[in-house]
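The values are calculated or read from the model by the stated rules, or taken from the named source; none is laboratory data. On a predicted model such as this, the values are computed, not experimentally measured, just so you know. We place every Cβ from the backbone using ideal geometry, glycine too, and count neighbours over all the protein chains shown. Calculation scope for accessible area: heavy atoms of the full protein, side chains included, ligands and nucleic acids excluded. Shrake-Rupley method; radii C 1.70, N 1.55, O 1.52, S 1.80 Å.
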Amino acid sequence: MEKLVSLAKRRGFVFQSSEIYGGLGSVWDYGPLGVELKKNIKERWWRSMVHEREDIEGLDAAILMHPRVWEASGHVAGFTDPLVDCKHCKNRFRADDPRIKGTPGQPDGQCPACGTKGSLTAPRQFNLMFKTFMGPVEEDAAMIFMRPETAQGIYVNYLNVLQSSRQKVPFGIAQIGKAFRNEITPGNFIFRTREFEQMEMQFFVKPGSDGEWFEFWRAERMKWIQGLGIRPEKLRWHQHGKNELAHYAKDAYDIEYEFPFGWNEFEGIHNRGDFDLSRHQEYSGKKLDYLDTTVNERFVPNVVETSAGADRTTLVVLCDAYREEAVKSEEGIEKEELRVVLKLKPELAPIKAAVFPLVNKDGMPDVARRIYDDLRKRFNVFYDDGGSIGRRYRRQDEAGTPFGITIDGQTSQDQTVTVRDRDTLKQVRVATGQLVSHLQDRLRG
Ligand code: GAP
């Protein structure tokens, strides 16, 4: 994992937030390559959920919501972790922290930080929602929450979307947006952070058909994830047991990936029954039931939710793409070398092609610049004339750039360039006039 974190910083994927001030715990910033990679993942999700389906509408709800929303959703009462404090060193831990010896609140409970025995308090519930104040007065009446999930923005807009889009049940609402959780044990890079992005879709169905739709969405989501190019043997399902199910869930499956730190979930598919709409109906006093005019029947729709983390999915994509390979030799590199390469699916790669003049003379930089200017109208391409061609290839391997275009001595004679494939290292000569279609064909899918 350290190697990936170091590459992410070196190549401009992810930086620690406020690093020059010593960093802010478990908050990360996406650099020039990271922002492109995450955006490509989010766009692919949006396309498959919203644009390619007739029965799903998009939404972008605000992060700040009426405080009653979080009472109705169960987050005020139930979105908590049990915590213990050390009265000696003032550190705070999750009650189930495996480093704690003995029983917190008892004389044998030992602080994992300072080692003092009997200094740990009995567990107390701590709410994970961030609080802030709305308006000029910092008083309890003005307190609001930073949303801990995007889903509630969908529930409270269910009726607005239904009426304005003229959809009929079954239909869905999809949203990508920031969420905030004051996690007590965050960590593992961008796996568990305090500020993150979710890609959530709530599918509203007739009660009784929820089981079928649940299975449908399970299959769809696994297909989508495999379509990101993730190795299937690194993916598995985990069904929630009775004691793991969230307060709202009838049934839930996680999709897990084998990260360098073990198997962990990065997406959940949840059968939420009618919990959400019924609760919002009760707390808001507004009717949220649905009239099925074909049979003249009223019901509160059930919800099947697909809930993915954009950051966690980005981490899955990065971990899965990261390879270290011994390369015997390739053009421009004579001796055997270990190369680090991100084998990203071309469609997800932040930079699609890098353009290199072989040497900075004989008119090669001029031709290379012209090709670069032409290509960047269509693709995110990169120009690099610094250092040996071998070094330039290696930098782009680490960035996950699928194609390297080199302008060499032959270019001025026959108007062809070499196109190097990041994964096979094979080079083919392509006429400059054919470059756009050559890349287009290979970047699709
Ligand atoms: N609406 C349901 C919901 O929010 P969840 O399992 O709590 O369900 C869904 O979260 C997804 O959001 C997770 O699978 C994960 O990808 C992402 N996620 C949750 N907490 C996160 C955190 N602290 N840091 C990064 N991603 C997180």
Using a cut-off of 18 Å between alpha-carbon atoms, which lysines can reach K90, once sequence neighbours fewer than 8 places away in the same chain are excluded? K101, K117
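Using 0.36 nm per residue, how much length does the chain from H66 to N182 gain when fully extended, once their Cα-Cα distance is taken away? Walk me through the numbers before you get to the answer.
On the way: separation 116, 0.36 × 116 = 41.76 nm, distance 1.93 nm.
My answer for the length gained is 39.8 nm.
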Mind putting together the pair-distance distribution for the chain? All Cα pairs, 20 Å bins, whole percent per bin, short to long. 21, 46, 27, 6, 0
Report, ordered by chain and residue number, the lysines lying within cross-link reach of K286, taken as a straight Cα distance under 20 Å and ignoring same-chain residues fewer than 8 apart. K168, K206
Roll a 1.4 Å probe over the protein chains and send me the accessible area per residue for the stretch 282-382 in Å². 49
Taking alpha-carbon centroids only, the stretch 109-160 lies from the stretch 294-368 a number of Å equal to 36
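For the chain, what is the mean residue ellipticity at 222 nm derived from helices alone (per DSSP H run of n ≥ 4: -39500 (n - 2.57); sum divided by total residues; nearest 500 deg cm²/dmol)? Kindly include the intermediate steps, with their values, before the conclusion.
Details: 13 runs with 123 residues, N = 445.
Helix contribution divided over all residues of the chain: -8000 deg cm²/dmol.
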Express in nm, to one decimal, how much length is gained between H240 and E138 on full extension, taking 0.36 nm for each residue of separation and deducting their alpha carbon distance. 32.7 nm
What is the helix-to-structure angle for 275-284, meaning the angle in degrees between its Cα long axis and the longest Cα principal axis of the chain, kept from 0 to 90 and rounded to the nearest 10? 60
Could you tell me which GluC sites (Glu not before Pro) in the stretch 271-380 are loop residues by DSSP with no more than 16 other beta carbons within 10 angstrom of their beta carbon? E331, E334, E336
With all protein chains present, the stretch 104-166 has a carbon and sulfur share of its accessible area (1.4 Å probe) in percent of 51
Using a 10 Å cut-off on Cβ atoms, rank the peptides 348-357, 122-131 from the highest mean neighbour count down. 348-357, 122-131
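Report the FRET efficiency, 1/(1 + (r/R0)^6), for T116 and T293, where r is their Cβ-Cβ distance and R0 is 60 Å, rounded to 0.05.
Working: r = 68 Å, r/R0 = 1.13.
That gives a FRET efficiency of 0.35.
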Quick one: dipole size for the chain, taken about the Cα centre, charges +1 on Lys/Arg Cβ and -1 on Asp/Glu Cβ, in debye to the nearest 20. 640
Residue by residue, what Karplus-based ³J(HN,Hα) values in Hz, rounded to whole numbers, does the stretch 311-320 have, using 6.51, -1.76 and 1.60 with θ = phi - 60° and x for Gly and Pro? 6, 5, 5, 4, 5, 4, 4, 5, 4, 6
Sequence neighbours fewer than 8 away in the same chain don't count; with that in mind, list the lysines whose C-alpha is under 20 Å from K426. K328, K335, K343, K345, K352
When you have a sec, figure out the Kirkwood radius of the stretch 25-119 from all distinct Cα pair distances and drop it here in Å to one decimal? 18.2
Non-local residues with an amide H under 5 Å from the amide H of N91, with H modelled 1.01 Å from N and Pro and chain starts lacking one, are C86
Calculate, in nm to one decimal, what R231 and R391 gain on full extension: separation in residues at 0.36 nm each, minus their alpha carbon distance. 54.7 nm
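Compute the accessible area per residue over the stretch 120-182, keeping the other protein chains in place, probe 1.4 Å, unit Å². Intermediate values should be presented prior to the final figure.
Values: 3020 Å² over 63 residues.
Roughly 48 Å² per residue, with all protein chains present.
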Kirkwood radius from Cα pairs of the stretch 228-337 plugged into Stokes-Einstein at 25 °C, 0.890 mPa s, gives D in µm²/s equal to 137
